[in-house]
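Below: one structure, written as C-alpha cells.
The values are calculated or read from the model by the stated rules, or taken from the named source; none is laboratory data. The structure displayed is predicted, hence computed values, not measured ones. When we count neighbours, we look across all protein chains shown, and the Cβ atoms used for this are built from the backbone with ideal geometry, even at glycine. Side chains included, ligands, DNA and RNA excluded: accessible areas come from the protein's heavy atoms. Shrake-Rupley method; radii C 1.70, N 1.55, O 1.52, S 1.80 Å.
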Amino acid sequence: MNSLEEKSIQQTADFVKKELSGAESGHDWWHIYRVWKLAQRIAVEEKANELVVNLGALLHDIADAKFYGGDETVGPRKAEAFLKTLSLSQDIINQVLNIIRFVSFKNRNEKPENDSLELHIVQDADRLDAIGAIGIARAFSFGGFKQREMYNPDIPPNPDMSKEEYKKSESPTINHFYEKLLLLKAMMHTTTGKQMAKERHAFMEQFLEEFYAEWEGKK
Ligand code: ADP
Ligand code: NI
C-alpha cells in the first residue's frame, strides 16, 4: 500500500474510534480493533485488496441496525458520507460499501451474488471475534448485561430456533454456545479463517468440558 492509502486507513480508524466511543461492549471500538487486526492478517495471506479489507473491517459496524429500528441503510450511508471525504476512487468506495451492506445483514447467505473475497475476509474476521477466548468473554459479558443465568442444566439448548425465537430467547449463556458459537466454524469462507476457527473452536470445547466438570465438583 502507498502512503496515501495508509493515511486513509488511519483517518478511518480515527473516525470509527470517535463514532463508537460509548458503544455497548459487544460492538465497541475494541471489537472493531480486533476484527481489523484479524482481517489484515487474513488479507495478506489470501492476497486480497488490503485497502478494501482495512476500510471494510473498520467500518463494518458503524451503525448497528438494532439501534436504528432495524434500518439497514444507516450504516452504508454514514460510511459513504465519510469515505467521500477521503481521496479514494469510487470503485474502492463501492467495494467497501458492499462489505458494510452484506456483512451485517442477518440474511447474508441470501445474497451470494454480492460475495467478494474482501467481504468474505471481513465476515470471517467478525465471526472469529465471536469464538475462542474472546468469544467466551463476549458471551458472558452479553449474558450478564441481559441478566441471564450462566448455565441451567434444566434448560436444554435449542439450535433450531427461528430468527424471532432467537431474538426473544432468555436461555442461559452456555446455551448460546450450541445455538450459535459452535456453529460458526462451519461457516468460515477463507482457508486462513478456517484454520484459525479450528483452534478457537477447540478452545471453546475444552472450556465447556472444564466448565461441566467444575459444575459437578469433579475438578
Ligand atoms: P453480531 O456481532 O454478529 O451482530 P450479536 O450482536 O448477535 O452478533 O452479538 C454480539 C456478541 O454478543 C457476540 O459475541 C455474541 O456471541 C454475543 N451474544 C449474542 N447473543 C447472545 C446470547 N443470547 N447469549 C450470549 N451471548 C450472546
Ligand atoms: Ni462486528
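Let me check against my output: what whole-number percent is the relative contact order of the chain, with C-alpha pairs under 8 Å and at least 6 apart?
With pairs under 8 Å counted, the relative contact order is 18 percent.
Against the longest principal axis of the chain, how steep is helix 117-128, in degrees 0 to 90 to the nearest 10, with axes from Cα atoms?
The answer is roughly 30 degrees.
Taking the 0 to 90 degree range and rounding to the nearest ten, how far is the long axis of helix 50-59 tilted relative to the main principal axis of the chain, both from C-alpha atoms?
That works out to roughly 60 degrees.
Around Leu51, with a cut-off of 14 angstrom between Cβ atoms, what is the net charge of the other residues, counting Lys and Arg +1 and Asp and Glu -1?
Here the charged neighbours net out to -3.
If you take the square roots of the eigenvalues of the alpha-carbon gyration tensor of the chain and sort them as a ≥ b ≥ c, do you get rounded (a/c under 1.5), prolate (a/b over b/c) or oblate?
prolate
Please label the shape of segment 66-193 as rounded, prolate or oblate, based on the square roots a ≥ b ≥ c of the eigenvalues of the alpha-carbon gyration tensor (a/c under 1.5 means rounded; beyond that, a/b larger than b/c means prolate, else oblate).
prolate
Taking 41 Å as R0, compute the FRET efficiency from the Cβ-Cβ separation of Ala186 and Gln90 and round it to 0.05.
0.70
Sort segment 118-219 into rounded, prolate or oblate with this rule: let a ≥ b ≥ c be the square roots of the eigenvalues of the Cα gyration tensor; rounded if a/c is under 1.5, and if a/c is not under 1.5, prolate when a/b is larger than b/c, oblate otherwise.
It comes out oblate by the Cα gyration axes.
Tell me which of Thr73, Leu181, Leu83 sits at the most positive position along the dipole axis of the chain, charges placed on C-beta atoms (Lys, Arg +1; Asp, Glu -1).
Leu83
Which of the lysines could a cross-linker bridge to Lys163, judged by Cα under 27 Å and excluding same-chain residues fewer than eight apart?
Straight-distance partners of Lys163: Lys66, Lys78, Lys106, Lys111, Lys146, Lys180, Lys185, Lys194, Lys198.
For segment 158-219 and segment 20-88, what is the separation of their C-alpha centers, rounded to whole Å?
Cα centres, segment 158-219 to segment 20-88: 25 Å.
So how much accessible area does Glu113 have, in Å² to the nearest 10, using a 1.4 Å probe?
The value for Glu113 is about 140 Å².
In square nanometres and to one decimal, what's the mean projected area of the convex hull around the Cα atoms of segment 1-117?
The number I arrive at for segment 1-117 is 7.2 nm².
Return the sequence-ordered ³J(HN,Hα) values of segment 11-24 in whole Hz as given by the Karplus equation 6.51 cos²θ - 1.76 cosθ + 1.60 applied to θ = phi - 60°, using x for Gly and Pro.
Computed from phi, the couplings for segment 11-24 are 5, 5, 4, 4, 4, 5, 4, 5, 4, 9, 5, x, 5, 5 Hz.
Where is the GNM fluctuation largest for the chain (alpha-carbon springs, 10 angstrom cutoff): Pro159, Pro172, Pro76?
With Cα springs under 10 Å in the chain, the top fluctuation among Pro159, Pro172, Pro76 is at Pro159.
Can you compute the helix-only [θ] at 222 nm over the chain? Use -39500 (n - 2.57) per DSSP H run of at least 4 residues, normalise by all residues, nearest 500 deg cm²/dmol.
-19500 deg cm²/dmol
Using a Gaussian network for the chain with springs between C-alpha atoms less than 10 Å apart, which of these wobbles most: Gly144, Gly26, Gly75?
Gly144
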